[in-house]
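Structure, as structure tokens:
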Amino acid sequence: MAKRRPSGAGMVRKREDGRWEGRIVIGHKDSGEPIFRYVSAKTQKDLLKKLHQNIEEYRDVNLCEDSKMSLREWLDRWLEEYVAPSVRPSTLEGYRGYIQRNIKPHLGDKPVGKITTEDIRRLYRALQEHGRQEEHPQYGYRLAGSTIRRIHGVLHEALDAAVRENMIARNPTEGVTLPKKKAVPKQILNDAQLERFMKVIQEDKIWHDFFYTELTTGLRRGEICGLMWSDFDEAHGTLSIRRTVHAQKGGRLTTGETKTGTGKRTITLPPSTANLLSKRKKHSYSEWIFPDPLRPERPMRPNAAYIHLKGLLKQAGLPSIRFHDLRHTFATHALASGVDAKTLSGILGHTQASFTLDTYTHVTGDMQKRASESVGSFMENIMVR
């Protein structure tokens with residue numbers, strides 16, 4: 001029986017066309033037969049240099065036969081076996097969309113083991129220039145840098161799994177320069193704007209309780225839509241956040257886990273919010289605290305909340321903001337009122353208080369004014385002593 005050749009072993013020959021060719025063993029099939037990687041160059045010196053680089057890369061690596069699998073096949077398998085069991089349906093659909101639209105058309109037919117870092121760079125350049133399937137009125141066919149970063153996240157994760165499965169020696173997405181991330185500016189309702197917004201929702205009998213609760217708890221949109229009466233402890237004035245509502249492709253609603261492990265939490269409600277929910281409960285015929293107005297057996301649709309928010313803002317003469325900015329508004333005013341970062345982090349369901357501090361380092365004009373008044377008052381007290 002022939003001795004099994006170790007990974008990294010190789011040979012060199014000169015071809016009939018005058019070019020030099022070499023091969024090294026990079027793994028073995030189930031039968032024990034070696035899997036080769038071929039390299040060619042114009043001169044023997046250039047070839048030996050390339051071979052040396054490859055030998056170093058594949059030293060102590062024993063790739064399996066699946067390294068010849070196309071990226072298309074591997075991504076399908078990765079989604080099914082690695083991703084689907086561990087993520088929410090909406091996240092899975094997002095991954096699948098990036099793979100189908102943006103990755104497979106460019107690299108789908110290439111064997112996983114032959115994808116290089118330069119292939120990844122070319123992919124991102126192509127997507128940046130012409131990554132949209134339909135022309136956008138502002139961006140044309142260009143994909144935003146933030147979208148390319150998300151595509152990179154998917155591809156990086158899939159190829160990391162390929163490394164663990166001994167399909168490739170290293171992840172070719174490593175070391176690729178990504179487009180800079182443009183931070184979406186947080187838009188906070190200041191004191192005057194918040195007062196105008198509260199006046200408008202006061203007249204909206206259907207949506208008042210929903211938006212009042214949002215502004216006094218800072219829940220994520222899916223979290224507030226997923227609240228059930230079993231989550232509300234009327235005796236203690238607390239609210240347990242246990243689930244989140246998502247709209248799948250096609251519009252079907254699903255409930256799932258909160259965004260993070262710390263997303264499952266119990267918060268103490270302000271007395272006004274606890275009283276509001278107690279009154280609401282007396283007249284409720286649904287298991288959901290905020291049911292769909294037309295189908296009370298179902299939770300509120302997250303998109304319906306967003307659309308109605310836009311209408312209320314317009315009615316109040318306020319700038320158009322995202323639903324998530326209501327969460328930012330709550331957090332900003334909570335900090336301004338003296339709530340410490342650790343407590344606020346627990347209310348918001350952040351994993352660490354440091355994240356809360358990093359997220360809300362901004363200071364609004366109202367906060368600056370209150371801070372200056374406090375400092376001025378403090379200094380005046382010292383001066384009169």
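The values are calculated or read from the model by the stated rules, or taken from the named source; none is laboratory data. Treat the numbers as computed from the prediction; the structure is a model and nothing was measured. Note that we place each Cβ from the backbone using ideal geometry, even for glycine, and neighbour counts take in every protein chain shown.
Tally time: how many residues in the range 146-195 are under 14 Å from T116 (Cα atoms) and touching a strand residue (DSSP E or B) at 6+ places or on another chain (Cβ under 8 Å)? Count: 3.
Selection within the range 20-63: residues that are assigned to a helix (DSSP H, G or I) and over 41 Å from the mean Cα position of the chain (by Cα). The member of this set that is modelled with the lowest pLDDT is L47.
When the range 190-206 is filtered for residues that are touching a Pro at 6+ places or on another chain (Cβ under 9 Å) and surrounded by 14 or more Cβ atoms within 10 Å (Cβ to Cβ), only Q193 remains.
Listed conditions (1) within 22 Å of the chain's Cα centre (by Cα); (2) not in a helix (DSSP H, G or I) are all met by A305, apart from (2). Can you confirm whether the range 98-110 contains a residue that is over 24 Å from E157 (Cα atoms), modelled with pLDDT of 75 or more and surrounded by 14 or more Cβ atoms within 10 Å (Cβ to Cβ)? The answer is no; no qualifying residue exists.
Scan the range 195-243 residue by residue and report those that are free of Cβ contacts under 8 Å to residues at least 60 places away in the same chain and β-branched (V, I, T). Matches in the range 195-243: T238 only. Identify all residues within the range 272-300 that are under 29 Å from the mean Cα position of the chain (by Cα) and surrounded by fewer than 18 Cβ atoms within 10 Å (Cβ to Cβ); write none if there are none. If the condition is that a residue be under 29 Å from the mean Cα position of the chain (by Cα) and surrounded by fewer than 18 Cβ atoms within 10 Å (Cβ to Cβ), then D292, R298 are the ones that fit. In the set F232, F210, only one residue is over 16 Å from L309 (Cβ atoms) and at pLDDT 90 or above; that residue is F232. Can you tell me which residue within the range 113-135, out of those that are assigned to a helix (DSSP H, G or I) and of a type in the set (A, V, I, L, M), is surrounded by the fewest Cβ atoms within 10 Å (Cβ to Cβ)? For the range 113-135, the residue satisfying everything is A126. For the range 268-285, a residue qualifies if it is part of a loop (DSSP other than H, G, I, E, B) and either β-branched (V, I, T) or free of Cβ contacts under 8 Å to residues at least 24 places away in the same chain (or both), and the qualifying residues are H283, Y285. The residues of the range 287-299 that are in contact (Cβ under 8 Å) with a residue 12 or more places away in the chain and in a loop (DSSP other than H, G, I, E, B), listed by number, are E287, I289, F290, D292, P293, R298. Listed by first and then second residue, the pairs with beta-carbon distance under 8 Å, at least 6 apart or on different chains, first residue in the range 149-165 and among the charged types (D, E, K, R), second at pLDDT below 90 and not in a helix (DSSP H, G or I), are R149/L178; R149/P179; R149/K181; E165/C64.
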